Amino acid sequence: MADPARAKRLAKRISTIVASAIEYEIKDPRLAGVTITDAKVSGDLHDATLYYTVMGSSLEDEPDYAGAAAALEKAKGVLRSKVGAGTGVRFTPTLAFVRDTVPDAAHRMEELLARARAADEDLARVREGAKHAGDEDPYRVSGAESMDSLADGADTEDAGDRDRTDD
C-alpha cells in the first residue's frame, strides 16, 4: 500500500497530463468540450479513475455525453502511454473515465433554491396586508382577573423554600 499523499500527488499529475493531452494532442472533435474535474488513484497505484464533465457549445445545447464517453474510451490507450511517460512510475495505472455529476447536481440545487426564493417572495406578498384571525394575544388576561387567580391559589409572600430557617 502506497502512501496516501503519494497517491494524491500521482492523481493530480495524472489529471494534468490527461487534461493537457485531451486539449492539445488528441484531435477528436467529440473531446472539444471535455474537462477533467478530478482524479483518484487506488491505494496500490494500479488504477486511476478520472472524472470528467462535458460542456455544451451554448447554453441551449445539450452536451454529447455518449460521444465524449466513446471518444475517451477510444483514446484510453494513447492517454495511458502519455501518463506512463509523464509520471515515471514503475507500473502505469489503468485509466477509467467516469462522468462527473457534481455540476449537474449543483445546477439542479440552484434551480430549487431559485424556486424556493420565488415561493418565499409570493408568501411575503400575500402576508403584507393580512391580519390575525382572532385577538392579537388570545391568552392575555386582564389585570384584575390575574390578581384574583393569584390570591385564590398561592401565597404571594411564600418564597418556596420551606425547609430553610433563618436564625
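I'm checking my understanding of the structure. Among residues of region 17-31 that are without any contact (Cβ under 8 Å) to a residue 12 or more places away in the chain and surrounded by 13 or more Cβ atoms within 10 Å (Cβ to Cβ), which one is farthest from Arg90 (Cα to Cα)?
Quick first cut of region 17-31, residues without any contact (Cβ under 8 Å) to a residue 12 or more places away in the chain only: 20, 23-24, 27, 29.
Restricting the remaining residues to those that are surrounded by 13 or more Cβ atoms within 10 Å (Cβ to Cβ) gives 20, 23.
Working: Ser20: 22, Glu23: 26 Å.
Ranking the qualifying residues of region 17-31, first place goes to Glu23.
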**Fill in**
Looking across region 37-67 at residues that are more than 22 Å from Arg13 (Cα to Cα) and in contact with a strand residue (DSSP E or B) (Cβ under 9 Å, 6 or more places away or on another chain), the single one that is most open to solvent (accessible area, probe 1.4 Å) is Met55
**Message:** Go through region 68-95 and report how many residues are touching an Asp or Glu at 6+ places or on another chain (Cβ under 7 Å), open to solvent by less than 50 Å² (accessible area, probe 1.4 Å) and not in a helix (DSSP H, G or I).
**Reply:** 2
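Which residues, taken from region 1-15, are surrounded by 15 or more Cβ atoms within 10 Å (Cβ to Cβ), out of contact with any Leu (no Cβ under 8 Å at 6 or more places or on another chain) and free of Cβ contacts under 8 Å to residues at least 60 places away in the same chain?
Ala11
The values are calculated or read from the model by the stated rules, or taken from the named source; none is laboratory data. Everything quoted here is computed from the prediction, not taken from an experiment. Counting neighbours? That spans all protein chains shown, and the Cβs are built from the backbone with ideal geometry, glycine included. For accessibility, only protein heavy atoms count, side chains too; no ligands or nucleic acids. Shrake-Rupley method; radii C 1.70, N 1.55, O 1.52, S 1.80 Å.
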